[in-house]
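The values are calculated or read from the model by the stated rules, or taken from the named source; none is laboratory data. What you are looking at is a predicted structure, and each value in this text was computed from that prediction instead of being measured. Neighbour counts are summed over all protein chains in view; Cβ atoms, including those assigned to glycine, are modelled from backbone coordinates with ideal geometry.
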Amino acid sequence: MKYFMDFEATQFDMEIISVGCVDEDGREFYSLVKPHGMRKMTGFITELTGITTDQLRSAPSVDDVFSDFYDFIDKTEKAEFFCYGNCDGRFVKTSMKYVKTFKAQCILGTIYSSLVDISPEVSEIFRTNQTISLYKLSDYYDAGEEQNHHALSDAKLLKHVYMCSRGESLDECPFPEYVQHGKNAEITVTPPERCEKPHVTASHGGDTFSFSSYGKAADWIITQLLPKDVMITLNTKSNISNRIVQAVANGNTYHGYTWSSPAKREK
């Protein structure tokens, strides 16, 4: 049985705060997880996931959640676990340190030892050496929803991408920003996103660019502002998004632009 998983975690300690899973038959599992080192969530994590400190204070413990997840797994056949990106394994490894029950220890150990990151395979199919964002794959495969950093939604999106990409064979990458030349991927310039209800804006001189999320603002920086020879890694977008959040919060400039959030000003 194939299980498609996604985790959200604390920003610095990397403890799991939510888990989402859907199996190949469509059964779903989702839960918030109270981290062992319970403290106030950073603004970045709440902004990214929508998960608040108050929600986590009343969430079940990592032992309770993964004991329930152990019961969710079908024991009659071999379990295969899939994720997208190399962060999820680190989240699992961190949370393994805090579980005490047999069921939770057993299932977290099994997930950690057998979790398969499909992003390199997808990148190979799409003829690039970079990790392609799930929301771009969502558009490509007409999944009907974007990656939104909700663990269950992203797990379902992962399943959709996995199923659609089986047997896919492309002659060239359909995403210009991921076009591969030699060992490095060349980042091409794409127009800034236009949206009716901007979540974050970047201003410089008389120019203002609007984006519906910090993630899309980060994509714009990657495609338009970074040097062409920069190798984009899995952490690049996350780091840039974090810097934008900090720039909005502190009124700082970043990459020469002044960042602000219209939604924040309206509160």
Look through Ala59, Ala104, Ala155 and report the one residue that is touching a residue at least 24 places away in the same chain (Cβ under 8 Å), in a helix (DSSP H, G or I), out of contact with any helix residue (DSSP H, G or I) (no Cβ under 7 Å at 6 or more places or on another chain) and aliphatic (A, V, I, L, M).
Ala155
Checking Ala143 against (1) modelled with pLDDT under 85; (2) in a loop (DSSP other than H, G, I, E, B); (3) outside the structural domain of Gln11 (by TED's automatic domain parsing), which test does it fail?
(3)
One residue from Val92, Val99 being surrounded by 15 or more Cβ atoms within 10 Å (Cβ to Cβ), outside any helix (DSSP H, G or I) and of a type in the set (A, V, I, L, M)
Val99
Considering only residues that are acidic (Asp, Glu) and assigned to a helix (DSSP H, G or I), look in the stretch 62-87 and name the one that is farthest from Ile111 (Cα to Cα).
Asp64
With the structure loaded, tell me whether Ile240 is surrounded by 14 or more Cβ atoms within 10 Å (Cβ to Cβ) and at pLDDT below 75 or whether it fails that test.
no
